[in-house]
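J.: Below you will find the structure I want to go over with you.
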Amino acid sequence: MKQSALALLAGCGKLQGVTAQDQAGQSNAGWKQPRLPRWVRIAVIGRNPKATLVRVAVLIVTSFVVFKFILLPIRVEGISMLPNYKDCSWNLVNQFAYLRHEPQRRDVVGIRFSRPEANTPAGIHQAANWLEPPHVMLLKRIVGLPGETVAFVDGHVLINGEVLDEPYEKYDCDWNRPAVQLDPDEYFVVGDNRSMPWENHVKGRAQRGQIVGKAIL
């Protein structure tokens, strides 16, 4: 009799254990990890994840090539190009702009040179001979072409003695400077804001090799 009672109790214990496991299994089966809506998954990774990864890789490589070798980002610092290029604005310099032709008058170009940290260049031509860092990119406008003479009279630019039409210049200027003769590989560049004192404005001769490309914005 005692053995029968013990067997009955053991059977009930097993039955309760199985029932608890079944309930736990049903509870786990009823819980599912939340999934994003299908349209969200398609928008983020596309219908084909492998193809999406390939497109992302191609986009990264293309962006690196474009912004490293073709379009060079440049940040404008200072007021020398006002009002057309504002301080702290961004632009892009097209390094392929002059593959088929030479820089033109009135082009806004990026000019690369180096200067010592403790010195300010008196002119771009002089700064071209300094090789220590930091490297500097200037955004300037071409007014004089190789072989020409460039002078400033009462704020007007004279090219070979003739006044240059400059609709982009909006501020009053009182600069007066004698004519300078440009070499066969030199351009004369200057900013659009000539209301600044002459000595505070970086301008002057730039060799062809210093002109990186043309601003596109």
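J.: If a residue must be out of contact with any Pro (no Cβ under 9 Å at 6 or more places or on another chain) and part of a loop (DSSP other than H, G, I, E, B), how many such residues does segment 186-217 contain?
T.: Residues in segment 186-217 being out of contact with any Pro (no Cβ under 9 Å at 6 or more places or on another chain) and part of a loop (DSSP other than H, G, I, E, B): 9 in total.
J.: I've got another one for you. For the structure I just gave you, tell me whether N84 is assigned to a strand (DSSP E or B), more than 13 Å from V212 (Cα to Cα) and of a type outside the set (A, V, I, L, M).
T.: no
J.: If we keep just the residues of segment 74-103 that are of a type in the set (S, T, Y) and more than 16 Å from V189 (Cα to Cα), which is modelled with the highest pLDDT?
T.: Going through the qualifying residues, I end up with Y98.
J.: Let me ask something additional. Output the number of the condition that W175 fails; it satisfies all remaining conditions of (1) surrounded by 16 or more Cβ atoms within 10 Å (Cβ to Cβ); (2) closer than 26 Å to E102 by Cβ.
T.: Every listed condition holds for W175 apart from (2).
J.: Can I ask one more? Mind checking which residues of segment 190-217 are within 19 Å of K86 (Cβ to Cβ) and among the aliphatic types (A, V, I, L, M)?
T.: If the condition is that a residue be within 19 Å of K86 (Cβ to Cβ) and among the aliphatic types (A, V, I, L, M), then V190, M196, V202, A215, I216, L217 are the ones that fit.
The values are calculated or read from the model by the stated rules, or taken from the named source; none is laboratory data. As the structure is a computational prediction, the values presented were derived from the model and not from experiment. Reconstructed Cβ throughout: ideal geometry from the backbone, glycine too, with neighbour counts over all protein chains shown.
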